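I have placed the structure first, in the form of C-alpha cells, so that the comments after it can refer back to it.
The values are calculated or read from the model by the stated rules, or taken from the named source; none is laboratory data. These numbers were taken from a predicted model, which means no experiment stands behind them. Because the Cβ atoms are built from the backbone with ideal geometry, glycine has one as well, and the counts that use them run over all protein chains shown. Ligands, DNA and RNA are excluded from the accessible area calculation, which covers all protein heavy atoms including side chains. Shrake-Rupley method; radii C 1.70, N 1.55, O 1.52, S 1.80 Å.
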Amino acid sequence: MADAILNGEPYSRFPNGLPLLIAGLKIFLPTSWIPASIIWTNILASTAAVGLTIGISKKITGNTFLACLAGLILAIYPNQLNYVRQILTEAPATFFLVFHVYLFFHRRYFSSAAILFIAVLFRSSLLPLIPLMLIFAFAFERSGNPKIPILKFIGGLVSITLIYMLFVIFEIVKPSANLSANLLISISSYGGNIDYTLSGFTNAELDSALNTYFTFAVEHPWEYIKQRILSFNELWGWPSTGEPQRSFAKKLLIALRIPFFIGAVVAFCQNLKKPEIWVLFSPVLIITAIHTMFFSTTRFSYVAEPFIIILTLILLESIYKKWFNKAKYLSV
C-alpha cells in the first residue's frame, strides 16, 4: 500500500495510517533501511507510550511510585515487547492512543482530538472512541462552560479530517475497505483458528457482507454465540495454541492479561461516577466490544494494555488504602 501511494496508484484495503508512515519513511530513506527504520519507529513509539503512561497515572492518582510502577510494568509486559519488534500497527496506534488520553487529561482538547483521529487511521476499531470522548469532554467541563472545550475538541477532529479528505480527494490515498472482509472472517473463524481466505462464500454473500453476517447470526444463533465467546477468550482469556504452535510458557506469558483485565473491570465498576475512570476504561470497552463482535488475535488487546495496567494499579491502591486504614483503626 505504501508503494502504491508513492506511485500515485493507491488502492483500498487496510487503514491508511501505517502505509502513510511507511511511505513517509521511503521518501527520505534508502529502501534497504526501511524495515529497520520501522522497527526503530516502533521502539521510539513504545518507549514514549511508557512515559505517557507514567504521566497519565501520576495525573490520576497523584502517586509517583504508582505511576512509575505502571510504566515499569508496561515496559516489560511480554505482549508489548513481542509486537514492538514487528511491522504492524500496534506500537504507533498505541502511542497515539495513549498520547491522546494524556492530552485529554491535561485538557488540551484540540490536539487530543487530532491525535485520536490519527490513532483511528492506524486502527479503525478505535473509531467509536470519538463520540465517547466528546461526551467525556462535556462531563469534565460540565461545572464550568463546556461549550469552548467541546468546540476545541470538534475543531481538532475537523482539522485532521479535512487534511485526510484532501488526501482522498487528490487520490493520495483511498479510504480503507476491509469492513466487509472482517465481517465474513468473523463468521468463518473460531477463536485463534481464523480463516482469512473467504473461500466458503458465494459471490452474492461476498457482495452483501453485512446481510450475510446478520443472516448467519439469525439462522445459526448458537454457532454465532460460540464464535463470539471464543473471540472474547482470544482477546482477554487463555490463548489458543496458535500457528505456529505456542508452548505452555508462551501461553502463560500471554495469559498475564487475564488478572489485569479483571482488575481493570473491577476498578471501573467501583468508580462508575468518576469521568477519568471512564476515559481510561473506554479503550478497553471499545476494543472488547468490537473484536468480540468480529474476531480476535492476541495482538488486538495491545492498544488497551496500558489502560488495564493503570486501572489495575488504581484498584490495588484502593485495596491497600482500605486495608491500611482498617489496620490502623484496629490498632487504635
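Hey, can you tell me all the residues within the range 16-68 that are surrounded by 18 or more Cβ atoms within 10 Å (Cβ to Cβ) and in a loop (DSSP other than H, G, I, E, B)?
Within the range 16-68, Asn16 is the sole residue that qualifies.
Within the range 17-59, how many residues are in contact with a Leu (Cβ under 6 Å, 6 or more places away or on another chain) and within 19 Å of Arg123 (Cα to Cα)?
Total satisfying the criteria: 2.
Could you list, in sequence order, the residues of the range 290-327 that are open to solvent by 10 Å² or more (accessible area, probe 1.4 Å) and small (Gly, Ala, Ser)?
Scanning the range 290-327 gives Ser318, Ala327.
Return the pair list, or none, for Cβ contacts closer than 6 Å from residues in the range 45-66 that are within 11 Å of Val101 (Cα to Cα) to residues that are open to solvent by 50 Å² or more (accessible area, probe 1.4 Å), at least 6 apart or on different chains.
Correct list of pairs: Leu52/Phe99; Leu52/Tyr102; Gly55/Tyr102; Ile56/Tyr102.
Quickly run through the range 154-175 and pick out the residues that are loosely packed, with under 14 Cβ neighbours inside 10 Å, of a type outside the set (Val, Ile, Thr) and farther than 19 Å from Ile115 by Cα.
Within the range 154-175, Phe170, Glu171 qualify.
Looking only at the range 273-289, which residues are in contact with a Ser or Thr (Cβ under 8 Å, 6 or more places away or on another chain) and surrounded by 20 or more Cβ atoms within 10 Å (Cβ to Cβ)?
Residues of the range 273-289 that are in contact with a Ser or Thr (Cβ under 8 Å, 6 or more places away or on another chain), as a first pass: 286-287.
The one that is in contact with a Ser or Thr (Cβ under 8 Å, 6 or more places away or on another chain) and surrounded by 20 or more Cβ atoms within 10 Å (Cβ to Cβ): Ile287.
Assess whether Ser32 counts as being among the small types (Gly, Ala, Ser) and modelled with pLDDT under 95.
yes
Tell me, please, whether a residue that is without any contact (Cβ under 8 Å) to a residue 12 or more places away in the chain and either surrounded by 15 or more Cβ atoms within 10 Å (Cβ to Cβ) or of a type in the set (A, V, I, L, M, F, W, C) (or both) can be found in the range 84-106.
no
Are there any pairs with C-beta distances below 7 angstrom linking a residue in the range 156-167 that is closer than 18 Å to Pro15 by Cβ to a residue that is among the aromatic types (Phe, Trp, Tyr) and in a helix (DSSP H, G or I), with the two at least 6 apart or on different chains, and if so which?
Leu157/Phe117; Ile160/Phe117; Thr161/Phe117
Across the range 188-202, which residue is nearest to the chain's Cα centre (by Cα) among those that are β-branched (Val, Ile, Thr) and closer than 25 Å to Gln245 by Cβ?
Looking at residues that are β-branched (Val, Ile, Thr) and closer than 25 Å to Gln245 by Cβ, I get Ile194.
Quickly run through the range 134-166 and pick out the residues that are in contact with a Lys or Arg (Cβ under 9 Å, 6 or more places away or on another chain) and aromatic (Phe, Trp, Tyr).
Selection gives Phe140 alone.
So Leu81 passes all but one of these: (1) part of a helix (DSSP H, G or I); (2) closer than 28 Å to Trp33 by Cα; (3) touching a helix residue (DSSP H, G or I) at 6+ places or on another chain (Cβ under 8 Å). Which condition number does it fail?
Result: Leu81 passes all but (3).
Is it the case that Asn193 is out of contact with any Cys (no Cβ under 8 Å at 6 or more places or on another chain) and closer than 30 Å to Glu223 by Cα?
Answer is yes for this residue.
Which of (1) surrounded by 13 or more Cβ atoms within 10 Å (Cβ to Cβ); (2) without any contact (Cβ under 8 Å) to a residue 60 or more places away in the chain; (3) not aliphatic (A, V, I, L, M) does Asn178 not meet, given it meets every other one?
In the conditions (1) surrounded by 13 or more Cβ atoms within 10 Å (Cβ to Cβ); (2) without any contact (Cβ under 8 Å) to a residue 60 or more places away in the chain; (3) not aliphatic (A, V, I, L, M), Asn178 misses (2) alone.
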